[in-house]
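Data block below; observations after.
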Amino acid sequence: MADETKAGDSKAGEIKRTWESQGADRARINVNEEYELKDWSAKLGVTSWEVKAAVRKVGPDAKDVARALGSNARI
């Protein structure tokens with residue numbers, strides 16, 4: 001039973017790390033993923049092309065992109 005507990009603890013750690021890494025991903029815009037471009041353009045109220053141009057200009061950080069686009073969206 002002790003082995004089962006250790007395995008369970010390991011999984012909990014893996015899940016926590018997965019959620020932590022996803023948090024970082026949500027703060028960045030990946031212009032190579034069509035679904036992300038669609039979601040971010042809708043959230044920021046601009047076209048996909050505008051999102052791509054802003055990412056090229058300021059980098060993938062969502063807050064920087066929103067600022068560059070003059071968006072009032074909550075990031």
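Here, each number is a calculation from the coordinates, and none is a lab measurement. Small disclaimer: the values here were computed from a predicted structure and weren't measured. Positions of Cβ are backbone-derived with ideal geometry, glycine not excepted, and every protein chain shown enters the neighbour counts.
What number of residues within segment 29-75 satisfy the criterion of being in contact with a Phe, Trp or Tyr (Cβ under 7 Å, 6 or more places away or on another chain) and hydroxyl-bearing (Ser, Thr, Tyr)?
0
Among the residues of segment 45-72, count how many are farther than 12 Å from residue 30 by Cα and either surrounded by fewer than 15 Cβ atoms within 10 Å (Cβ to Cβ) or touching a Cys at 6+ places or on another chain (Cβ under 7 Å) (or both).
Number of matching residues: 8.
Restricting to segment 31-44, and then to whatever is part of a helix (DSSP H, G or I) and out of contact with any helix residue (DSSP H, G or I) (no Cβ under 6 Å at 6 or more places or on another chain), can you tell me which residue is surrounded by the fewest Cβ atoms within 10 Å (Cβ to Cβ)?
35
If a residue has to be under 13 Å from residue 73 (Cβ atoms) and not acidic (Asp, Glu) to count, how many in segment 28-45 make the cut? Break it down into steps so the answer makes sense when it comes.
The initial filter retains those residues of segment 28-45 that are under 13 Å from residue 73 (Cβ atoms), namely 29, 39-45.
Going one step further and asking which of them are not acidic (Asp, Glu), we end up with 29, 40-45.
Total meeting the criteria: 7.
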